[in-house]
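Asker: Below is the structure I would like to discuss, written out as structure tokens.
Throughout, read-outs are computed from the coordinates displayed, never taken from laboratory work. These figures come from a predicted structure and were not determined experimentally. Here Cβ is always computed from backbone atoms with ideal geometry, including for glycine, and neighbour counts include all displayed protein chains.
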Amino acid sequence: MTKPNRILMTGAAGIIGQQIRDGLRELATHVRLSDLADPGPAGPGEEIVPCDLTDTPALPGLVRDCDAILHFGGVSTENTAELIHRVNIDGVYHLYEAARKEGVKRILFASSNHAIGFHTRETRLTASTPVRPDSNYGVSKAYGEALASLYWDKYGIETLIVRIGSCFPEPKDRRMMATWMSAGDMLRLIGCMLDAPRLGCPIVYGVSNNDECWWDNSETAYLGWKPQDSSARFAHLFENDPPEDPKDPAVIYQGGGFAKAGHFED
Ligand SMILES: NC(=O)c1ccc[n+]([C@@H]2O[C@H](COP(=O)([O-])OP(=O)(O)OC[C@H]3O[C@@H](n4cnc5c(N)ncnc54)[C@H](O)[C@@H]3O)[C@@H](O)[C@H]2O)c1
């Protein structure tokens, strides 16, 4: 793909959106930023288009004239099934429909490690590993992955599915030493997605080059993405933590606390 004229980022006011926003200006001439919340004023090359992803009639206008969509908007943690369905299932479906009708050909879908959270830590996962969700939230990400696959096979819309580990400024606990992804590595991955002559519908684990890692991205080496950061520099934050209990479900399963937690509404 040549340098896109306009890309849309949903979830622009969120944790990832705020971390990568400035870097997106290098990747496209115009960056359209959208969220339910206020992402702050537009900078050079930016336009702000507020939108609720559950407002179906507004979605074609939101995606119009965009060469690619970075879909980070939505419910980003466990919640009621009702809310998750409305935003992360119906909302994603209608966003893909808007993309199809408006001719947007390339999408990044922000999936999650919680789509595969009931795999154990000692299992090395690849792009071919089946989903094993650990929550209502994880199920909604599995749905998004399946929808992306359908829109590629049937309509030729390419999606980079990123099973994001933990994309925060720094790891918040020991588990995140394995799952952490830097904003810089996310931006480099987006650059590879926009550059790829053929993207298809690959699944990539969104993780930096950490010492401990449960995920293998070798099946998608054709993208040329090489994470450059590592959580190693944050190891001192957790060196006085008590040892992890190997019988704790939050330690057994890759999804951590999401796999351990009971039903959200109980
Ligand atoms: N940050 C991570 O480590 C991580 C890990 C795995 C997956 N993800 C996924 O990446 C995406 C971004 O994550 P984040 O950490 O920035 O989450 P976040 O919660 O900080 O940001 C999500 C944004 O979506 C917006 N949003 C929620 N409901 C909406 C609606 N109905 N209409 C429009 N906007 C709405 C929120 O206002 C928020 O700004 C999410 O889809 C999340 O599931 C993030």
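Asker: Taking springs between alpha-carbon atoms closer than 10 angstrom, which of Gln19, Gln228, Gln254 fluctuates most in the Gaussian network model of the chain?
Answerer: Gln228
Asker: So, with +1 on the Cβ of K and R and -1 on the Cβ of D and E, and no other charges, what is the size of the charge dipole of the range 6-260 about its Cα centre, to the nearest 20 debye?
Answerer: 540 debye
Asker: Now a separate question. Where Rh is the Kirkwood radius over the Cα pairs of the range 27-102, the temperature 4 °C and the viscosity 1.567 mPa s, what D in µm²/s does Stokes-Einstein return?
Answerer: On the way: Rh = 13.2 Å.
The estimated diffusion coefficient comes to 98 µm²/s.
Asker: Identify which of Thr220, Thr56, Thr129 has the largest mean-square fluctuation in a Gaussian network model of the chain, with springs joining Cα atoms closer than 10 Å.
Answerer: Thr129
Asker: How big is the equivalent ellipsoid of the chain along its three axes, where each semi-axis is √(5λ) from the Cα gyration tensor, reported in whole Å from largest to smallest? Intermediate results must be reported in sequence, preceding the final value.
Answerer: On the way: eigenvalues 168, 83, 66 Å².
Three semi-axes, in Å: 29, 20, 18.
Asker: Okay, next question. So what is the calculated 222 nm ellipticity per residue for the chain, using -39500 (n - 2.57) for each DSSP H run with n of 4 or more, over all residues, to the nearest 500 deg cm²/dmol?
Answerer: The per-residue figure over the chain is -8000 deg cm²/dmol.
Asker: Additional query: When you have a sec, figure out the Kirkwood radius of the range 40-149 from all distinct Cα pair distances and drop it here in Å to one decimal?
Answerer: About 15.1 Å, per the Kirkwood formula over Cα pairs.
Asker: If the viscosity is 1.002 mPa s and the temperature 20 °C, what translational diffusion coefficient in µm²/s does Stokes-Einstein give for the range 104-190 when Rh comes from Kirkwood over Cα pairs?
Answerer: Values: Rh = 13.9 Å.
Answer, rounded: 154 µm²/s.
Asker: Could you give the nm distance between label points at Asp153 and His30, where each point is 7 Å from its Cα heading toward the beta carbon?
Answerer: 3.5 nm
Asker: Stretch Glu265-Arg6 to full length: gain in nm at 0.36 nm per residue minus the Cα-Cα span? Don't skip to the end; give the middle numbers.
Answerer: On the way: separation 259, 0.36 × 259 = 93.24 nm, distance 4.05 nm.
89.2 nm is the gain from fully extending Glu265 to Arg6.
Asker: Another question, if that's okay. Springs between alpha-carbon atoms under 10 Å, Gaussian network over the chain: tell me which of Gly61, Gly74, Gly117 tops the mean-square fluctuations.
Answerer: Gly61
Asker: If you bin every alpha carbon distance in the range 175-249 into 10 Å steps from zero, what whole percent lands in each bin?
Answerer: 17, 44, 24, 12, 3
Asker: Within a 10 angstrom radius of the beta carbon, how do Ser128, Ser208, Ser231, Ser76 rank from fewest other beta carbons to most? Please report the intermediate quantities before stating the final value.
Answerer: Numbers: Ser128 8, Ser208 23, Ser231 26, Ser76 18.
Sorted ascending by nearby Cβ count, the order is Ser128, Ser76, Ser208, Ser231.
Asker: Please express the Cα-Cα pair-distance distribution P(r) of the range 155-217 as a list of whole percents, one per 10 Å bin, running from 0 to the bin with the greatest distance.
Answerer: P(r) for the range 155-217, in whole percents per bin: 22, 49, 23, 6, 0.
Asker: How much net charge surrounds Asp229 when only the other residues with a Cβ under 10 Å from the Cβ of Asp229 are counted, with Lys and Arg +1 and Asp and Glu -1?
Answerer: Residues near Asp229 contribute +1 overall.
Asker: Quote to one decimal, in nm, the extra length available between Arg233 and Glu212 on full extension: 0.36 nm per residue of separation minus the C-alpha distance between them.
Answerer: Roughly 6.3 nm would be gained on extension.
Asker: Also: Please give the FRET efficiency for Arg64 paired with Asp195, using the beta carbon to beta carbon distance and R0 = 30 Å, rounded to the nearest 0.05.
Answerer: 0.80
Asker: Nearest 10 degrees is fine. How inclined is helix 183-195 to the longest principal axis of the chain, computing both from alpha carbons?
Answerer: The angle comes out at about 40 degrees.
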